[in-house]
Amino acid sequence: MDRVSGLFSTAYFPSICYLQSYFRHTECTIEAFESFPKQTQRNRCEIFTSNGLLRLSVPVSKINGSKTLTKDIDIDFSKKWQNEHWRAIQSAYAAAPYFEDYQVHVKDIIYNSPTKLIDLNLEILNFVFDILDENVATQFSSSYARDHELDFRNIDFMERTEINSYQQVFSYDQAFIHNLSFLDLLFNEGPFMRNWILKK
């Protein structure tokens, strides 16, 4: 019997729920041939700062306007997004228990970003594989299919879906924020993030 691969959008420092869903499958395909949609997890993530939730967005360039395919989306380096993102992450998580363990790698991913968004996001996914010592057979789509048996492309994995709580940096005076970028979980729980991501 042929295996059915879960079909996902690409995602920038994806949310906890995105990764939970991703790791439920032994094979995954990342959509490369869709027309790139605005304002989604493809180039956005959310972190928890002293001022509450902060959304970080990677600026992109669409060579064919609204018809630009995800595989062709370039990162716009004319904007100083790397400095903005790293400073925000550093400010938010410098006091987190595992920040020292992972800050160099996260900073390196941001500052040595490939030119294509889809390649940056794959580097981030491979970083997650290394942390968890897990792997999923991952490939990019070779064409666009309107329908797919296990289709997760249009699910908003950035919704405030409830997850098991953990100690967040600012939770002493702010309410727990559910389902942030895995960076929040990583810096607070380190390798124990597997207890949330790989939860069956």
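The values are calculated or read from the model by the stated rules, or taken from the named source; none is laboratory data. Keep in mind the model is a prediction, meaning the values are calculated, not measured. Backbone-built Cβ (ideal geometry, glycine too); neighbour counts: all protein chains shown. Surface areas here come from the heavy atoms of the whole protein model, side chains and all, with no ligands, DNA or RNA. Shrake-Rupley method; radii C 1.70, N 1.55, O 1.52, S 1.80 Å.
Tabulated values for the structure
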read-out: Meets criteria (surrounded by fewer than 15 Cβ atoms within 10 Å (Cβ to Cβ), touching a helix residue (DSSP H, G or I) at 6+ places or on another chain (Cβ under 9 Å) and in a helix (DSSP H, G or I)) for Gln90; value: yes
read-out: Test set (1) crowded, with 18+ Cβ neighbours inside 10 Å; (2) touching a helix residue (DSSP H, G or I) at 6+ places or on another chain (Cβ under 6 Å) - Ser181 fails condition number; value: (2)
read-out: Residues of the range 27-84 that turn out to be basic (Lys, Arg), loosely packed, with under 13 Cβ neighbours inside 10 Å and either touching a helix residue (DSSP H, G or I) at 6+ places or on another chain (Cβ under 6 Å) or closer than 21 Å to Phe182 by Cα (or both), as a count; value: 1
read-out: Cross-chain or 6+ apart pairs with Cβ under 7 Å, the range 30-42 first and more than 15 Å from Ser66 (Cβ to Cβ), then part of a strand (DSSP E or B) and polar (S, T, N, Q); value: Ile30/Thr138; Gln41/Ser15
read-out: Hits in the range 73-90 (condition: closer than 23 Å to Ser35 by Cβ, touching a residue at least 40 places away in the same chain (Cβ under 8 Å) and of a type outside the set (Val, Ile, Thr)); value: Asp74
read-out: The range 111-124 residues that are over 21 Å from Gln39 (Cβ atoms), paired with ones that are open to solvent by 70 Å² or more (accessible area, probe 1.4 Å) (beta carbon under 8 Å, 6 or more apart); value: Pro114/Glu123; Thr115/Phe77
